[in-house]
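Q: There's a structure below that I have some questions on.
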Amino acid sequence: MSSLFPAEPISLQLPDADIVYFPSFFSSEVAADLYLDLLREIPWQQDNIKVFGKEHAQPRLTALFGNDAKPYSYSNITMQPKPWNLLLQKIKYHVESVAEINFTTVLLNYYRDGKDSNGWHSDNEKELGLNPTIASVSLGSERMFQLKHNTDPSLRQNILLENGSLLIMKGATQHHWKHQIPKTSKPIGGRINLTFRVIH
């Protein structure tokens, strides 16, 4: 596996944020192979989430892998990690080479089509620490990634996350910004997203 990324990433010039984007972190050929391998090898699950007191099936499939059996909780869901497999370790190695951090955990999301989504949220769970670094690899169909500032409604940013791309959010980003992957009516294929993080 080889990564193919520009020497200089694209830095988003947003206040109260530290976000960099590598459009072609993995070549399209490598990304296509990774997508198919992960689709086959990952034990995908669909949990229920509680919204306004009612339970709904989460609009995507997920999986958690990590060190030391440390669980991860979000949206009233607690996931127990499976041990790293070789494929995820290889992807993790490439991501860590540019993020310059040793990640303990990866949360995978499988968006089966445009109806699958992820609503507005921040990755600010207490087990992630004060200023977490979140490194997000996108494989498969392109999806829009939307950001909005917590206190200034005029501050918004859309990023089209391309196949094989890497987005890194760090510093105080999670304190000041929320993000989402909205639904789309476009007829699109599946997308697998790997979000690497450190659980303390």
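Q: Given (1) touching a helix residue (DSSP H, G or I) at 6+ places or on another chain (Cβ under 9 Å); (2) assigned to a loop (DSSP other than H, G, I, E, B), where does VAL106 come up short, assuming only one miss?
A: That leaves (2) as the condition not met.
Q: Among ALA69, ALA57, ALA32, which is the only one that is modelled with pLDDT under 95 and more than 26 Å from THR104 (Cβ to Cβ)?
A: Numbers: ALA69 fails: more than 26 Å from THR104 (Cβ to Cβ); ALA32 fails: modelled with pLDDT under 95.
That would be ALA57, the only listed residue that is modelled with pLDDT under 95 and more than 26 Å from THR104 (Cβ to Cβ).
Q: Within the stretch 37-60, which residues are among the aliphatic types (A, V, I, L, M), within 20 Å of LYS115 (Cα to Cα) and either part of a helix (DSSP H, G or I) or under 17 Å from the mean Cα position of the chain (by Cα) (or both)?
A: LEU39
Q: Please state which one of HIS175, HIS200 is touching a residue at least 12 places away in the same chain (Cβ under 8 Å), in a helix (DSSP H, G or I) and over 14 Å from the mean Cα position of the chain (by Cα).
A: HIS175
Q: Within the stretch 64-83, how many residues turn out to be in a loop (DSSP other than H, G, I, E, B) and farther than 15 Å from ILE49 by Cβ?
A: Residues meeting the conditions: 8.
Q: Mind listing whichever residues of the stretch 135-162 are out of contact with any helix residue (DSSP H, G or I) (no Cβ under 8 Å at 6 or more places or on another chain) and more than 20 Å from LEU108 (Cβ to Cβ)? Even if it seems obvious, please write down each step before you answer.
A: Just the residues of the stretch 135-162 that are out of contact with any helix residue (DSSP H, G or I) (no Cβ under 8 Å at 6 or more places or on another chain), to begin with: 136, 138, 141-148, 152-162.
Across the stretch 135-162, the qualifying residues are GLN146, LEU147, LYS148, ASP152, PRO153, SER154, LEU155, ARG156, GLN157, ASN158, LEU160.
Q: From the list THR151, THR184, pick out the single residue that is more than 19 Å from LEU34 (Cα to Cα), open to solvent by 60 Å² or more (accessible area, probe 1.4 Å) and in a loop (DSSP other than H, G, I, E, B). It would help to see each step written out before you state the result.
A: Working: THR184 fails: open to solvent by 60 Å² or more (accessible area, probe 1.4 Å).
Step by step, each of THR151, THR184 is checked, and only THR151 is more than 19 Å from LEU34 (Cα to Cα), open to solvent by 60 Å² or more (accessible area, probe 1.4 Å) and in a loop (DSSP other than H, G, I, E, B).
Q: Now for a different question. Which residues, counting only those in the stretch 40-66, are open to solvent by 20 Å² or more (accessible area, probe 1.4 Å), touching a strand residue (DSSP E or B) at 6+ places or on another chain (Cβ under 7 Å) and of a type in the set (A, V, I, L, M)?
A: Within the stretch 40-66, ILE49, ALA57, LEU61 meet the criteria.
Q: Being more than 24 Å from PHE25 (Cβ to Cβ) and not polar (S, T, N, Q) is the filter here, so list the residues in the stretch 62-81 that pass it.
A: ASP68, ALA69, LYS70, PRO71, TYR74, ILE77, MET79
Residues checked against (1) of a type outside the set (S, T, N, Q); (2) open to solvent by 50 Å² or more (accessible area, probe 1.4 Å); (3) in contact with a Leu (Cβ under 8 Å, 6 or more places away or on another chain):
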position	(1), (2), (3)
GLU100	yes, yes, no
THR104	no, no, no
SER117	no, no, no
VAL137	yes, no, yes
LEU161	yes, no, yes
HIS176	yes, yes, no
LEU194	yes, no, yes
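Q: Looking only at the stretch 72-96, count how many residues are of a type outside the set (Phe, Trp, Tyr), modelled with pLDDT of 95 or more and open to solvent by 70 Å² or more (accessible area, probe 1.4 Å).
A: Of the residues in the stretch 72-96, 5 are of a type outside the set (Phe, Trp, Tyr), modelled with pLDDT of 95 or more and open to solvent by 70 Å² or more (accessible area, probe 1.4 Å).
The values are calculated or read from the model by the stated rules, or taken from the named source; none is laboratory data. Since the structure is predicted, the reported quantities are computational estimates derived from the model, not experimental observations. For neighbour counting, all protein chains shown are included, and Cβ atoms are generated from backbone atoms with ideal geometry for every residue, glycine included. Accessible surface is based on the protein model in full, side chains and every heavy atom, while ligands, DNA and RNA are left aside. Shrake-Rupley method; radii C 1.70, N 1.55, O 1.52, S 1.80 Å.
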